[in-house]
Amino acid sequence: MTFELSTKFRFAIFDVAGTTVLDEGIVIESFLDALDVVEPRSTKVEQYLQVIQATMGERKIDVFLKIFGELNKAEQAHEAFVKSYLARVKRGEVLAIPGSEALFSKLRNQAVKIGLNTGFSRNILDAIIESLGWQTLVDYSVASSEVNLGRPAPDMILSLVERYRRDVGHHLVGSEIVVFGDTIADIESAKRAGIDARVAIHSGVHTVDELTEAGASVVISSVADVVVK
């Protein structure tokens, strides 16, 4: 299935890991590194992994709070997660999903602004953008650490929309925005933000039915399946 991005859209907002950036287990590996720092050789790893899988796309500190139930452990784990993921970025393990950069270029040629939002912290997002050389491809970006509430709350999307308004001088309506994401949290966040076009990427984190039930307007296999008109 494809998604046709028509000229009515002025702003395209993308998730990062699993949507525009390849995630071949890197996020899970960084979670495992973090868990091992806080609870070495824990017998609860499988239980924790179930929580991690169910909360993909959410703010990482929030995920660790759900796992450990206490702030000190959550902060320690989050610090270890950031350290692990940044090391992977530095080693060149974080790559763009095929077709994502071509899509960005096509959108820019159509005067469509591009925004990124992520459950990662700002330092990870900055490292990804710099490593991939996306500084000139992305107009706006926001990390979950920069808003009051992470996904599934709409805060990140609303923050990007407000930045667009201040920059362009146009107040967008929901039908002029399209949001892409590969998790239930992405789709629920877009729905709560009043976005009509909620495009789910079937990366394998959730089933097609789960993404549809969460409110996806359409489910596609990859951003490479987006047709720009």
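Being part of a helix (DSSP H, G or I) and in the same structural domain as GLY133 (by TED's automatic domain parsing) is a property that does not hold for LEU49.
Looking at the stretch 60-74, is at least one residue under 23 Å from ALA190 (Cα atoms), outside any helix (DSSP H, G or I) and either not assigned by TED's automatic domain parsing to the domain that holds GLU162 or not acidic (Asp, Glu) (or both)? Within the stretch 60-74 (the criterion being under 23 Å from ALA190 (Cα atoms), outside any helix (DSSP H, G or I) and either not assigned by TED's automatic domain parsing to the domain that holds GLU162 or not acidic (Asp, Glu) (or both)), the answer is no, since none of the residues qualifies. Does the stretch 98-121 contain any residue that is without any contact (Cβ under 8 Å) to a residue 60 or more places away in the chain, more than 27 Å from ALA193 (Cβ to Cβ) and assigned to a helix (DSSP H, G or I)? No, the stretch 98-121 contains no residue that is without any contact (Cβ under 8 Å) to a residue 60 or more places away in the chain, more than 27 Å from ALA193 (Cβ to Cβ) and assigned to a helix (DSSP H, G or I). Scanning the stretch 169-191 for residues that are among the charged types (D, E, K, R) and either within 16 Å of the chain's Cα centre (by Cα) or closer than 22 Å to ILE52 by Cβ (or both) gives ASP182, ASP186, GLU188, LYS191. Here PHE81 does not qualify as surrounded by 14 or more Cβ atoms within 10 Å (Cβ to Cβ) and assigned by TED's automatic domain parsing to the domain that holds GLY150.
The strands (runs of 3 or more DSSP E) located wholly in the stretch 164-227 that include 1 or more residues which are in the same structural domain as ALA17 (by TED's automatic domain parsing), modelled with pLDDT of 95 or more and under 12 Å from ASP15 (Cα atoms) occupy 177-181, 197-201.
The values are calculated or read from the model by the stated rules, or taken from the named source; none is laboratory data. Owing to the predicted nature of the structure, the values given are computational and were not obtained by experimental measurement. In this analysis, Cβ positions are derived from the backbone assuming ideal geometry, glycine residues included, and neighbour counts consider all displayed protein chains.
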